[in-house]
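To keep things clear, I will list the structure first and then write my remarks on it.
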Amino acid sequence: MSKLTEDKREIRSICGHGIRWDVGVDGVTKIEAYDEMGQMSYVPWIAIWVGDTIILRMDAQGKTICYI
């Protein structure tokens, strides 16, 4: 898989730069990768969901992604 946002596996957790988010902890129901326009091209970002609400968006650069 060459592109994070094309990988269809469910993301279980993301960590890096002193942060860690896990599905099932602190109400997190889903972690989703998506593309946003950035440095002259699309770049991968991460959305952290609690229920039906995105509570945090972050750049995926330098993060470690763990899958279910």
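Every read-out reported here was derived from the displayed coordinates using simple, explicitly stated rules and does not represent laboratory data. Source: prediction; values computed, not measured. Using ideal geometry, Cβ is built from the backbone for each residue, glycine included, and neighbour counts are taken over all protein chains shown.
Just need a number here: residues in the range 2-25 that are in a loop (DSSP other than H, G, I, E, B), of a type in the set (D, E, K, R) and without any contact (Cβ under 8 Å) to a residue 24 or more places away in the chain.
To start, the set of residues in the range 2-25 that are in a loop (DSSP other than H, G, I, E, B) comprises 2-3, 7-10, 17-18, 23-25.
Pick out the ones that are also of a type in the set (D, E, K, R) and you get 3, 7-10.
Retained after the next criterion (residues that are without any contact (Cβ under 8 Å) to a residue 24 or more places away in the chain): 8.
Total satisfying the criteria: 1.
With respect to residue 34, is the statement that it is among the hydroxyl-bearing types (Ser, Thr, Tyr) and in contact with a helix residue (DSSP H, G or I) (Cβ under 8 Å, 6 or more places away or on another chain) true?
Yes.
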Considering only the range 6-33, state which residues are exposed (fewer than 14 other Cβ atoms within 10 Å of the Cβ) and either over 15 Å from residue 64 (Cα atoms) or in contact with a Pro (Cβ under 7 Å, 6 or more places away or on another chain) (or both).
6, 8, 24, 25, 26, 27, 29
Taking the range 37-56 as the search range and keeping residues that are under 20 Å from residue 3 (Cβ atoms) and loosely packed, with under 12 Cβ neighbours inside 10 Å, which one is nearest to the chain's Cα centre (by Cα)?
37
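Give me the strands (runs of 3 or more DSSP E) completely within the range 28-68, filtered to those with at least 3 residues that are more than 13 Å from residue 15 (Cβ to Cβ), ordered by residue number.
30-37, 42-50, 53-59
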